[in-house]
1. Search the range 243-260 for residues that are over 19 Å from Val214 (Cα atoms) and of a type outside the set (A, V, I, L, M) and pair each with any residue that is assigned to a loop (DSSP other than H, G, I, E, B) and open to solvent by 20 Å² or more (accessible area, probe 1.4 Å) when their beta-carbon atoms are under 7 Å apart and the residues are at least 6 apart or on different chains.
2. Scan the range 145-171 residue by residue and report those that are under 24 Å from Val3 (Cα atoms) and either in contact with a His (Cβ under 7 Å, 6 or more places away or on another chain) or basic (Lys, Arg) (or both).
3. Just one of Glu538, Glu557 is more than 15 Å from Val279 (Cβ to Cβ), among the charged types (D, E, K, R) and in contact (Cβ under 8 Å) with a residue 40 or more places away in the chain; which is it?
4. May I ask you to verify whether Gly440 is open to solvent by 10 Å² or more (accessible area, probe 1.4 Å) and either of a type in the set (Ser, Thr, Tyr) or over 25 Å from the mean Cα position of the chain (by Cα) (or both)?
5. Any residue that is in contact (Cβ under 8 Å) with a residue 40 or more places away in the chain, crowded, with 19+ Cβ neighbours inside 10 Å and over 34 Å from the mean Cα position of the chain (by Cα) - is there at least one of those in the range 382-397?
6. Across the range 61-104, what is the number of residues that are open to solvent by 90 Å² or more (accessible area, probe 1.4 Å) and on the phi > 0 side of the Ramachandran plot?
7. So which residues in the range 638-658 are closer than 20 Å to Ala496 by Cα, open to solvent by less than 80 Å² (accessible area, probe 1.4 Å) and outside any helix (DSSP H, G or I), if there are any at all?
8. Do any helices (runs of 4 or more DSSP H) lying entirely in the range 207-278 carry at least 1 residues that are within 18 Å of Pro35 (Cα to Cα) and out of contact with any strand residue (DSSP E or B) (no Cβ under 9 Å at 6 or more places or on another chain), and which ones are they?
Amino acid sequence: MNVSSSSAVLSKIGDYDFLSVDIFDTLLFRHCNSPIDAFGFMERDEKTKQVTEFFKDYRVAAEQLAREDAEHNGLEDVSLDEIYRCFQQLTNCSGEQAKQIRQLELETEMDLLHATNFGRKLVDQLQNTPKRLVVTSDMYLPQEYLEKVLEAKGITGWERVFVSNEQGKTKHTGNLFADVVEHFGVPREKILHIGDNGHADGKMAAGAGMQSCVLLASKDVPARSPKPKHHSNILAGTRPVSQIFSANFLETHHYDAEKLDFRTFSEDQYFEAVGAVLVAPMITSMLIWMKQVMDKQGISRIAFLARDGMFPKAAFELLWPDKYDTQYLAASRRLLTLPFTVLEPDTIGGMLHTTMANSETLQDFLNKISGGPSLKGIFANHGLSETEPLTRKTRKQALGLLRESPESFYQSFAHERDVLTKYYRSAFPAGTKTAVFDVGWRGSLQRSICEIVGTEADVFGLYFGTSPHAISILRRGGLDYESYTASNGLPSQLAAWFTDFRDIVEFFCSADHGSVLGLQENASGEISWSTADVSDLEAANLRRAKIIQDAALKAIESVLQAMSAETISKYTKPKDERDLRQFLRKPHRLDAHRFKNVRIFDGVGDTTGESLTRIGERNTHYRNAKNSRWRAAYASQLNPFSYTLLKFVLRKRKKIKL
């Protein structure tokens, strides 16, 4: 039986006045990988937990038992009531519990179902035409319920719904089509039946004398495509929130595709898929967790810190528009540290090493860090010219002078303190409680903000993850905060987020502007930002990140058209980051190669950065793997012998896990 695209089927409809159309995966699709995965969505509910923690298995077994009983009694299909009678027998639950779970299943189906692209186009095409339409389905759900679902999802204009369990006949045997023919009262060959099942909707409809069209269903795209081991692990997610976005991606972008092969995607198309299928569920899960924490703490204000906060802020405002007071706040380690902290000599060197190394002259260096005139005096007193090209020797000498004069270095930024204090105190007014979001990992920005605003305002930190350094910076400082993934480096199973995947998380969240260098106040009291210049290489990097972010935001917007943020929250486990972590921990070699051009930039003035994966770098496997910011990606493209040898050497020499 030939399978047709939606456009081909819609064009064929013009030749027929009597139509019979299947429901599931034709008019409606579920936001999950398969029909039985919908039962997995129910396992988090207390009603199912009270009966069994393995609800999905028992529900599948109950349906199988009910079908065996029906076959024994000469019946073609079963009803939902019959399935739950068997469920009650298998689990020994009470009749009331079975009734409640049955109702929960109906509610879950309503939440997950949404009109397909074909379904919406069909309804539009049939409006204001004399064509007659019935809906025909092999399904255990009640007819009255399915009628409500179709109406709720915008599938209207039909005369009647034929459901196998109430008609006592199925499409699978071909007997249900006789009722459709009787309803229309016209010759069979004048009726066109449309569905996605090659046997029931194709062969059996044709066998009943009707015309038939088999439609491509988006849920079957992975089954029609090359196996993931041949091209990508993008669609490997199994968590409910990942299934919601995967199903939405397939229906939105590939509902007419015969197959899906990521090897044929351009770089932009690939990163769009990463955003829609991997990053969107992760950021949604994190924001749901953030909202839960904020509600628990009684917080209605949240500041997203630059630069990593721009993308999460946009997603947050999509999920809960106008419910919270949100702001995008200027912040950077340079902005919040240098004007307010007398740094240790080693800290000065660590912060400024990359900036100095990428500066042509001292004037260039001072411009990048917005250093005050007193720094020029320090350099001039030691014979260092601002305009002469820097050498390795003069760079070392200049950094040495700054290390020797931490107090002078601190005082050189005194001119910034007043405007910074005004800016942050206006963002955190006295008497308010505000959450601040930062990707992580030490918490130094939150500490600096708290030092500026003092005790008059309450600041609560929300982080993607925090490393063990946060204990001394935040916890011992008495500051309140919570983390989405690893908190203070724990538990160990989540530690990879800050040890191995920190840079790629920051890449996903990169804003499309340079690091914030300083704030300026004009004569009317308005405060503006100054940001670091972005090199061509970094601009290309930010463009890739923007593609991922835009795709993720479009995916969230698309899912919200099908279900509310509260519904998504119902099926999203708090801190549900496992699917993205699995993708990053064991990437397919072709996925790893897609990220080989992504670069990581360290600090103001770094114009070239370094490769995220080190794939393609001209060096030994040992050096590339040791210096890779995503070692699992580099390892994925090695042959088995090289991988085993490298794994042994890294553990022996550096105690590094590959």
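1. Gln243/Asn33; Ser246/Asn33
2. Passing the criteria: only Lys171.
3. Just a single option satisfies the conditions, and that option is Glu538.
4. On the way: open to solvent by 10 Å² or more (accessible area, probe 1.4 Å): yes; either of a type in the set (Ser, Thr, Tyr) or over 25 Å from the mean Cα position of the chain (by Cα) (or both): no.
Spelling it out, it is not the case that Gly440 is open to solvent by 10 Å² or more (accessible area, probe 1.4 Å) and either of a type in the set (Ser, Thr, Tyr) or over 25 Å from the mean Cα position of the chain (by Cα) (or both).
5. First, the residues of the range 382-397 that are in contact (Cβ under 8 Å) with a residue 40 or more places away in the chain: none.
Within the range 382-397 (the criterion being in contact (Cβ under 8 Å) with a residue 40 or more places away in the chain, crowded, with 19+ Cβ neighbours inside 10 Å and over 34 Å from the mean Cα position of the chain (by Cα)), the answer is no, since none of the residues qualifies.
6. Total meeting the criteria: 1.
7. Once the filter is applied, which keeps residues that are closer than 20 Å to Ala496 by Cα, open to solvent by less than 80 Å² (accessible area, probe 1.4 Å) and outside any helix (DSSP H, G or I), the range 638-658 yields Ile656, Leu658.
8. Details: elements: 221-224, 240-253, 267-274.
Result: 221-224, 240-253.
The values are calculated or read from the model by the stated rules, or taken from the named source; none is laboratory data. Bear in mind the structure is a predicted one, so any value in this text is a computation, not a measurement. Counting neighbours? That spans all protein chains shown, and the Cβs are built from the backbone with ideal geometry, glycine included. Accessible surface areas use protein heavy atoms only, side chains included; no ligands, DNA or RNA. Shrake-Rupley method; radii C 1.70, N 1.55, O 1.52, S 1.80 Å.
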